[in-house]
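Notes to accompany the following structure.
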Amino acid sequence: MSDLARGVMFSILTVIFGVLTSMLVKELAQELSIIRILIFRFWFALPILILCAFLIHKKKLFFVNNKLAMALRVILGLSSITLVFLALQNISLGLATALFQSSIIFVTLASPMLLGEKIGVYRWSAVVIGMIGVLFITNPFSSELSVGIIYGILAAFTGAALSIILRKLGKSDSPFTITLIHNFFGAFVVSSVGLTIFPTQLTASHEGNVWLLLLLLGILASFLQLSVTLAYRYADAVVVTTLRYLQLPAAGIAGFLYFSETPTSLELIGASAIFVSSLVIVWREFVRKTVNTPEETKLAL
């Protein structure tokens, strides 16, 4: 199997694991607090991640070069996953996924200032279309703005900031180590917060099927992060990013079939605008990299 085929395979697995993880969070959030779901998600994900990092890096599985960027990755990662879970608890699966996917729009907006990238007319046009899509979904002129939509937008902002940090961190450190440290600190931080601030939310007993779902969530979360890491290892980032946008229609279909969620016309228009705008941004990134690739490199591909 070629590297590209492996990259495509892991990208598709990322979409599948991403949708299944979101469905599990939404299902569990109907009877459990978010802090409890987060605690077990982090702890149950750790064994597989520790094993993979140890097999690759042996005793240096916790070694990082850029400690400041790693600290920011942990903070932004914890903030992002908390907001994602809160959004999934309060709004439909398809709507939440559409808002999460809009993070690439905010990355594009921040790129000139934070990454020194030049943004052309195509990508600026895509950003405008994407922002219009966000406006359609949030519907700011309505009488009420759903708290779940606010969580979704904040998740997109933190996800965008996280993407920028990961771009910098990926140049100096192993993605397996980055993932392990994020989950390791996440497990201790959310457990400490739960025990000190929300102790009453951790005392309720669970039925056996709830424990099974929590264990499955942790395992799927570890598979999700590993599949993302391996997808970027074997395929170009543009290929991986494009395929990951399959998660938007997949989440909409899953929400309709499993949770009986029916989007409004405005939500459909907004999600479609975000989807199209994100694909245009990815396409222009591909064109930009192709133009900047030396002819000898193209022939070698």
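The values are calculated or read from the model by the stated rules, or taken from the named source; none is laboratory data. Bear in mind the structure is a predicted one, so any value in this text is a computation, not a measurement. Glycine gets a Cβ as well: all are built from the backbone with ideal geometry, and neighbour counts include every protein chain shown.
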Output the residues belonging to segment 50-67 that are at negative phi and assigned to a helix (DSSP H, G or I). Ile50, Leu51, Cys52, Ala53, Phe54, Leu55, Ile56, His57, Lys59, Lys60, Lys67
Only residues that are among the hydroxyl-bearing types (Ser, Thr, Tyr) and in contact with a Gly (Cβ under 8 Å, 6 or more places away or on another chain): list them for segment 90-134, please. Ser92, Thr97, Ser102, Ser103
Considering only residues that are outside any helix (DSSP H, G or I) and aliphatic (A, V, I, L, M), look in segment 225-275 and name the one that is farthest from Leu135 (Cα to Cα). Ala235
Name the helices (runs of 4 or more DSSP H) wholly within segment 76-188 that hold at least 1 residues that are touching a residue at least 40 places away in the same chain (Cβ under 8 Å) and within 25 Å of Leu214 (Cα to Cα)? 93-101, 147-169
Looking at segment 1-32 only, could you name the residues that are hydroxyl-bearing (Ser, Thr, Tyr) and within 17 Å of Gly152 (Cα to Cα)? Thr21, Ser22
Could you please find all residues in segment 166-180 being more than 17 Å from the chain's Cα centre (by Cα) and of a type in the set (Val, Ile, Thr)? Thr177
Within segment 1-54, work out how many residues are at pLDDT below 95, polar (S, T, N, Q) and under 18 Å from the mean Cα position of the chain (by Cα). 2
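Each row is one residue, and each column tells you yes or no for (1) under 22 Å from Leu268 (Cα atoms); (2) surrounded by 20 or more Cβ atoms within 10 Å (Cβ to Cβ); (3) not basic (Lys, Arg).
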| site | (1), (2), (3) |
| --- | --- |
| Ile75 | no, no, yes |
| Ser79 | no, no, yes |
| Thr82 | no, yes, yes |
| Leu86 | yes, yes, yes |
| Leu99 | yes, yes, yes |
| Met113 | no, no, yes |
| Lys118 | no, no, no |
| Gly130 | yes, yes, yes |
Condition check for Ala45: of a type in the set (Gly, Ala, Ser), in a helix (DSSP H, G or I), under 17 Å from Leu180 (Cβ atoms) and touching a residue at least 40 places away in the same chain (Cβ under 8 Å): yes
Among the residues listed as Met70, Met23, the single one being touching an Asp or Glu at 6+ places or on another chain (Cβ under 8 Å) and part of a helix (DSSP H, G or I): Met70
For segment 241-276, which residues satisfy the criterion of being among the hydroxyl-bearing types (Ser, Thr, Tyr) and modelled with pLDDT under 85? Thr241, Thr242, Tyr245, Thr264
Is it the case that Ala231 is among the small types (Gly, Ala, Ser), within 20 Å of the chain's Cα centre (by Cα), buried (at least 18 other Cβ atoms within 10 Å of the Cβ) and modelled with pLDDT of 85 or more? no
